[in-house]
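The values are calculated or read from the model by the stated rules, or taken from the named source; none is laboratory data. Model, not experiment: these values are computed from the prediction. Heads up, the Cβs are rebuilt from the backbone with ideal geometry, glycines too, and the neighbour counts pull from every protein chain shown.
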Amino acid sequence: MSLNLCVLPDVKPDENAITISHVRAYVIKSKEVEETGGGFADCHSQAEGHWILGTDKWPIANPMSYYEKYKSRRSSWGIDAIGSVIVEIELTNGIKGYGISIGGEPACYIIENHFSRFLEGQDPLNIEYLWDVMWRSSINYGRKGLTIQSISAIDLALWDCAGKLRNEPVYKLLGGKTKDCLPCYATCYDPLAAKNLGFKGAKFPLPYGPADGDQGMMKNIERIKQIRESVGPDFPLMIDCYMSLTVSYTLKLLELIKPFNIKWLEEHLPPDQYSGYAEVKKRNPTTILLTCGEHEYTRWGFKLLLDNNCADLLQPDVTWCGGITEARRIVALASAYDIPIIPHGSSIYSYHLQYAFPNLPMSEFLIMSSD
């Protein structure tokens, strides 16, 4: 018996429906405005000397740390070169919704020259349909990175429109709240400051990677020891490795940081090394949790992480992974594996997602003070 596949009919707005009149994409031309605004979607758009870019005293291990020229500052290789994109969706009744992501002018081009044709004239509440046509129409050049970030910004703007149309917070549109408060940990340079501010934990960047050899490893341990001593024995501490390590280096690091009661080690390998993540998790000699997912995209990428048993918890970024529409699919998928999710970066967008689903127990807050 043959399987007959049918062609889906056009999705048209209901009669007298409020529709999308304009889709606009913007970049921030003023470096000063971007820096004073915390970088908007790109937290790395900061003045030189900001801790998040790395400094001579405390570099940040990263994929470019293998090259002497690019070791000390992430800005040296253009981590902030693309910048933010801001999407504005205007409806026929005058309501405007906004979404953000990384992408700058290249994302503006994709949004206004490709995706806008699927949006203008459509019902903004048909979010599932609009996400699907953007995804399917860009498979030939997208699937990860800039294209999915562009879809993310549009999707967030659509959810913003939906909340304004219904006059309800987005978490209610997602099914209502599952918690009355949301604990936050801080990502920062100084975990003691985070503790004093009342955060429930702190995450800090690993300074050195494999290219720095045994001396760099010892400097890492000294830094971790100093931080643990400053905050006391029980304050939760997490370490961000920003895709900079290898399997063998990670396993050695895990062994050496056993005494310091570290909660989790984050994104220790480049994002496509699924077998490497699986090996580290299998051979982890400690009770330290292993996390990743910040630079993963869509449910299909996260399914690979889950199927390969790569992590103890996942960290999708709502402004990058496909927006709220795709993030809620990722959340549902992870729940089937009993894997919790703590979104990367967090934001006003991901807070709604976190309130709406039970397997998102904590939020990240990025402290953008320059010191």
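Considering only residues that are buried (at least 18 other Cβ atoms within 10 Å of the Cβ) and within 30 Å of G198 (Cα to Cα), which ones fall in segment 161-183? V170, Y171, L174, listed by residue number.
Here is a check on your reading of the model: is A211 in contact (Cβ under 8 Å) with a residue 60 or more places away in the chain, touching a Ser or Thr at 6+ places or on another chain (Cβ under 8 Å) and in a helix (DSSP H, G or I)? Yes. For segment 213-231, the criterion of a residue being touching a strand residue (DSSP E or B) at 6+ places or on another chain (Cβ under 7 Å), buried (at least 18 other Cβ atoms within 10 Å of the Cβ) and within 20 Å of P63 (Cβ to Cβ) is satisfied by no position.
Residue-wise test of (1) of a type in the set (A, V, I, L, M, F, W, C); (2) over 20 Å from the mean Cα position of the chain (by Cα); (3) more than 30 Å from W51 (Cα to Cα).
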position: G163; (1), (2), (3): no, yes, yes
position: R166; (1), (2), (3): no, yes, yes
position: G175; (1), (2), (3): no, yes, yes
position: L192; (1), (2), (3): yes, yes, no
position: K203; (1), (2), (3): no, no, no
position: L206; (1), (2), (3): yes, no, no
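Scanning segment 249-261 for any residue that is in contact (Cβ under 8 Å) with a residue 24 or more places away in the chain, surrounded by fewer than 16 Cβ atoms within 10 Å (Cβ to Cβ) and not in a helix (DSSP H, G or I) turns up at least one such residue.
Does S275 satisfy being within 20 Å of C310 (Cβ to Cβ) and assigned by TED's automatic domain parsing to the domain that holds G345? For S275, the condition - within 20 Å of C310 (Cβ to Cβ) and assigned by TED's automatic domain parsing to the domain that holds G345 - is met. Cβ-Cβ distances below 9 Å connect the following pairs, each with a first residue in segment 105-123 that is over 24 Å from G83 (Cα atoms) and in the same structural domain as A157 (by TED's automatic domain parsing), a second residue that is at pLDDT 95 or above and part of a loop (DSSP other than H, G, I, E, B), and a separation of six or more residues or different chains: E120/T19; G121/T19; Q122/T19; D123/I18; D123/T19.
Quick check: is even one residue across segment 316-327 under 28 Å from I60 (Cα atoms) and among the charged types (D, E, K, R)? So far as segment 316-327 goes, yes, one or more of its residues are under 28 Å from I60 (Cα atoms) and among the charged types (D, E, K, R). Considered as a group, the residues in segment 341-371 that are of a type in the set (G, A, S) and not in a loop (DSSP other than H, G, I, E, B) include one that is nearest to K200 (Cα to Cα), and that residue is S363.
Please work out which residue is farthest from E364 (Cα to Cα), limiting yourself to segment 262-272 and to residues that are without any contact (Cβ under 8 Å) to a residue 40 or more places away in the chain and under 18 Å from the mean Cα position of the chain (by Cα). Only one residue fits best here, namely D272. Report whether or not S152 is farther than 26 Å from E15 by Cβ, surrounded by 22 or more Cβ atoms within 10 Å (Cβ to Cβ) and at pLDDT below 95. No; evaluated as a whole, the condition is false for this residue. Only one of the numbered conditions (1) surrounded by fewer than 16 Cβ atoms within 10 Å (Cβ to Cβ); (2) touching a strand residue (DSSP E or B) at 6+ places or on another chain (Cβ under 8 Å) is not met by Y67, and that is (2). Here L314, L245, L290, L269 are screened, and the one residue that is closer than 24 Å to Y189 by Cβ, in contact with a strand residue (DSSP E or B) (Cβ under 7 Å, 6 or more places away or on another chain) and surrounded by 15 or more Cβ atoms within 10 Å (Cβ to Cβ) is L290.
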